[in-house]
Structures are given as structure tokens and as C-alpha cells.
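Worksheet: one structure, shown below.
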Amino acid sequence: MQDQQHPGDRADAGGARAIPASVLAERLEPGLYLVSTPIGRARDITLRALDVLNAAELLAAEDTRTLRHLMTIHGIPLRGRQILSYHDHNAERARPAILAAISAGQSVAYCSDAGTPLVADPGFRLARDVAEAGGRVHAVPGASALLAALTVAGQPTDRFLFAGFAPSQRSARRRWLSELAGIDATAVIFESPRRVKELLKDLCETDGERDISICRELTKKFEEVMRGPARLLVERIPAEGLRGEVVVVLGPPAVALADDAAVQEALRTRLDRMTMRDAVAEVAEQTGRPRKEVYRMALAMQEDGTDADDHALA
């Protein structure tokens, strides 16, 4: 998720802003600081992130130009500090220098292009190696496309899975979607805007009624969220795909409600060993039927004598 400067975030015409009075310059304890940066508007950065960028002795970034631009916007001076490039293609070469700095008692701030490092971004091996070497790893939380999408998608959030980027090859993507379809949780997918229509077409082949949300350009000027079943949303996407950064949120699979006979059988196996209240609660959760319906069935079974024992309602 790339950072985008918003008109209200520009530095003054004469150059960088003066460093904000609220930003602290206290010395940081040695270790690695994983700094979350905005996914859209530069003003979404946290005050603590600015503190760390101002005070860290060594800076590292997936893209040094992006971090340099962000610091300029917020008036954070380099003061001669180095910004070390660290990304997937040079990690093996760059990691020793960062480890050596931390071992020597320095503080290192690392930023990916946008969002939270390690969430579909580089940094995993770095954080692990620092920890294994006895160094401290600190999270500086903030913007995340994953959490932003969950917030606005309108899908259940009590249980969710971050599935990362969808495979680009169609056969692999179909297998991948088939595995996701069976998981009882909301799934968050990062996808190329050019391939999102193909993703939905593949999903429609197995579950066109799946409730989904397509979140585009989160936190930016042209932010858009499309919600509905996959079969309808796929028709709204042009053949060439969408523009901007895209996050697709798949709602959990629909719960197939058990029929009355199945509910009665489930009650029958429980009412001889637990109270009616506990049996009703357990069966309602298992079958997906409303608790009031299950309770009425349990009462009817008791009145009809199909239940062997007389059970307390407590």
C-alpha cells in the first residue's frame, strides 16, 4: 500500500516544516523499532512514530525516498543520519549492518513503504534475527490497510483471517480460494487492482452469493467501498479492472441452518444429561438456529412426552 501525499499535508513553500513542538527527542533504548506509516494521508502518522523517527540513531526503509519524503512533510530532520535501504531483494546484504548497530547499543527505526511492517511487507527475518541475537523489538503501531479495510467493510470482525496476496496464476488462485471458502471466518485479501475482476469471477464459480466488500484507495481522496454478493459486484468492475490500491474482504460462509428433525435429535441427546437451558444454548450454537426457536422445540418435546425426564428450566 503506497503512501499518497494529501494537499493538506504539504510542507511550506520554503521547504520542510519546522519540527513540531509535540515531537520528543529523548534517547531511545537500543533495539529495532518497527514504525507504522500512513497508507494514504501523511497526517495519519502517530505522534509516537514521529518521536521514534526523530530520535532513532539509524533509519532503515523499504524505500528510502518514501521515508525521506514523509520526514520532510513532518519536519523531521536527518541531522546527518543514514537511511539504510532494506527490502526483499537486498535483505541478506543489508541485515548484518542493522544487527551490528543494535548490538553496538544503537536504536534502529524501520519503515516499509506504507502501513505496518511485516504485514505483507518486509521485516520478518530482520525482527526474528534481532530477537534471536538478544535485542529488543518494539512495535510502533499505526496505519494498516488490513485493519482499515476490516473497519469499513461491514463484515463480521469477531474472527478473521489475513490471507495476504492472492496468487496471480488462475489455477493456483482457484485452489487458494477453495481453501479459504471452507474457513469459518472473515478473510482479508490484498489484490492487484487489475486482477480483482478475475478474482471475483473465480469466486463466483464456487460461491457467487458470498457476501464481500471491495475497499479501494483507503484513507485517500477517492476512497470507495463496494459491498454485496460476489455475483453482483463482479458486474460493477470494468474489464480492465480498478484503479488504486485494493483490499477485498470476504465475509464468512453462510451457516446452513439445521432442520427441525436435526435440532430435535440434538436436544434429545442432551436433555438426559444437562438442564434445558444449557441444552438449548448448546444446540442453538451448534445448529445456527435462534435460541428462542430451539427453546420452543425443547418445551414441545417435554410436553409431548418425547423427552424421558422432567428437566428443570434453571
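The values are calculated or read from the model by the stated rules, or taken from the named source; none is laboratory data. What you see is a predicted model; the values in this text were computed from it and never measured. Using ideal geometry, Cβ is built from the backbone for each residue, glycine included, and neighbour counts are taken over all protein chains shown. Calculation scope for accessible area: heavy atoms of the full protein, side chains included, ligands and nucleic acids excluded. Shrake-Rupley method; radii C 1.70, N 1.55, O 1.52, S 1.80 Å.
Among the residues of segment 180-197, just one is touching a strand residue (DSSP E or B) at 6+ places or on another chain (Cβ under 9 Å) and of a type in the set (Asp, Glu), namely Glu191.
Here's the yes/no breakdown for (1) over 17 Å from Gly105 (Cα atoms); (2) part of a loop (DSSP other than H, G, I, E, B):
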{"site": "Arg17", "(1), (2)": "yes, yes"}
{"site": "Val23", "(1), (2)": "yes, yes"}
{"site": "Glu29", "(1), (2)": "no, yes"}
{"site": "Tyr33", "(1), (2)": "no, no"}
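The set of residues from segment 100-124 being surrounded by 18 or more Cβ atoms within 10 Å (Cβ to Cβ) and more than 17 Å from the chain's Cα centre (by Cα) comprises Ala101, Ile102, Ser107, Val108, Ala109, Tyr110, Cys111. The number of residues in segment 182-219 being without any contact (Cβ under 8 Å) to a residue 40 or more places away in the chain, assigned to a loop (DSSP other than H, G, I, E, B) and under 15 Å from the mean Cα position of the chain (by Cα) comes to 0.
Summed over segment 28-44, residues that are surrounded by fewer than 24 Cβ atoms within 10 Å (Cβ to Cβ) and more than 15 Å from Gly123 (Cβ to Cβ) total 7. Within segment 246-265, the presence of at least one residue that is open to solvent by less than 10 Å² (accessible area, probe 1.4 Å), on the phi < 0 side of the Ramachandran plot and in a helix (DSSP H, G or I) is confirmed. Would you call Ser192 of a type in the set (Ser, Thr, Tyr) and surrounded by fewer than 14 Cβ atoms within 10 Å (Cβ to Cβ)? The answer is no for Ser192. The set of residues in segment 46-75 being of a type in the set (Gly, Ala, Ser) and over 23 Å from Leu99 (Cα atoms) consists of Gly75 alone. The single condition among (1) within 11 Å of the chain's Cα centre (by Cα); (2) in contact (Cβ under 8 Å) with a residue 60 or more places away in the chain that Val130 does not satisfy is (1). Taking segment 228-244 as the range and being within 18 Å of Phe190 (Cβ to Cβ) and open to solvent by 60 Å² or more (accessible area, probe 1.4 Å) as the test, only Arg243 passes.
Close Cβ contacts (under 6 Å, 6 or more residues apart or on different chains) running from residues in segment 286-304 that are among the polar types (S, T, N, Q) to residues that are at pLDDT below 90 and surrounded by 12 or more Cβ atoms within 10 Å (Cβ to Cβ) comprise Thr287/Ala258; Thr287/Val263. For segment 266-286, residues that are surrounded by fewer than 14 Cβ atoms within 10 Å (Cβ to Cβ) and either polar (S, T, N, Q) or part of a helix (DSSP H, G or I) (or both) total 2.
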